[in-house]
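Below: the structure, in structure tokens.
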Amino acid sequence: DVDLTQDILDNVEADVYWCLTNLLAGIQDHYTQDQPGVQRMVMRLEELVTRMDVGLTQHLETTGVQFMQFAFRWMNCLLLREFDLKCIIRLWDTYLSEGEGGFETFHVYVCAAFLCQFSGTLRGMQFDELFGFMQNIPTSNWGDGELEIVLSQAFVLSTLFQDSKAHLTSVSPRLY
């Protein structure tokens, strides 16, 4: 049993409110009509993965799997359905520490690194198996080590591509 003073509880409440406000401020257009923020992030993801792993993008296209079919959920739910709570807390803590754009911009790099973790496996699958895999990616046994790899790769990607004048310009955007 831990007795918390009212002052401590007030500070915790203020911190939680700040975190929630910070999160929501960066993703407001994700939850408006037509969800333009989510669509923008899915398009960025597709463009980024094409730059990183054109073979994977081509395989997805050849098998008929569109990024919108799996990445919409990743962007809309911020990977909440792909990881257990411990991993989500670590992931979202990183987004908050990234400052403005963590949930909007850095999240796309995380999703690209996450997807490319499975590139070899995905390239060996056809539509039904691939689509099923994408709906239930095997992360239930993931811990800090696996997530740190994805976060490290995402940081490298953001360093390489973010704010670059040639960033993601080689692919024509797909309208959904």
So, first residue in contact (Cβ under 8 Å) with a residue 24 or more places away in the chain in the range 30-57, second residue open to solvent by 70 Å² or more (accessible area, probe 1.4 Å) and in a helix (DSSP H, G or I), Cβ within less than 7 Å, six or more apart or across chains; the pairs are Gly55/Arg123; Leu56/Arg123
Among the residues in the range 37-49, are any surrounded by fewer than 16 Cβ atoms within 10 Å (Cβ to Cβ) and either over 16 Å from the mean Cα position of the chain (by Cα) or closer than 25 Å to Ala113 by Cβ (or both)?
no
Filter the range 127-176 for residues that are at pLDDT below 90 and of a type in the set (D, E, K, R); the one that is farthest from Gly101 (Cα to Cα) is Arg174
Is there a residue being within 17 Å of Gln69 (Cβ to Cβ), touching a residue at least 40 places away in the same chain (Cβ under 8 Å) and of a type outside the set (Ser, Thr, Tyr) anywhere in the range 136-158? yes
The lone condition Leu60 fails out of (1) crowded, with 21+ Cβ neighbours inside 10 Å; (2) closer than 28 Å to Asp144 by Cβ is (2)
Of those in the range 106-125 that are among the aliphatic types (A, V, I, L, M) and within 15 Å of Val65 (Cα to Cα), the residue farthest from the chain's Cα centre (by Cα) is Met125
**Study point:** Flag for Phe118 being among the aromatic types (Phe, Trp, Tyr) and touching an Asp or Glu at 6+ places or on another chain (Cβ under 8 Å)
**Key:** no
Looking across the range 75-91 at residues that are surrounded by 17 or more Cβ atoms within 10 Å (Cβ to Cβ) and in contact with a Phe, Trp or Tyr (Cβ under 8 Å, 6 or more places away or on another chain), the single one that is modelled with the lowest pLDDT is Leu78
Is it the case, given these coordinates, that Leu115 is more than 13 Å from Leu23 (Cβ to Cβ) and aliphatic (A, V, I, L, M)?
yes
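This table checks each residue for (1) over 21 Å from Val156 (Cα atoms); (2) in contact with a helix residue (DSSP H, G or I) (Cβ under 7 Å, 6 or more places away or on another chain).
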{"residue": "Leu20", "(1), (2)": "yes, no"}
{"residue": "Val38", "(1), (2)": "yes, yes"}
{"residue": "Phe72", "(1), (2)": "yes, yes"}
{"residue": "Glu98", "(1), (2)": "no, yes"}
{"residue": "His107", "(1), (2)": "no, yes"}
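The values are calculated or read from the model by the stated rules, or taken from the named source; none is laboratory data. Since we're looking at a predicted model, the values are computed, not measured. No Cβ is skipped: glycine too gets one built from the backbone with ideal geometry, and neighbour counts run over all protein chains shown. Ligands, DNA and RNA are stripped out before the accessible areas are found, and what is left, the full protein with its side chains, is counted by its heavy atoms. Shrake-Rupley method; radii C 1.70, N 1.55, O 1.52, S 1.80 Å.
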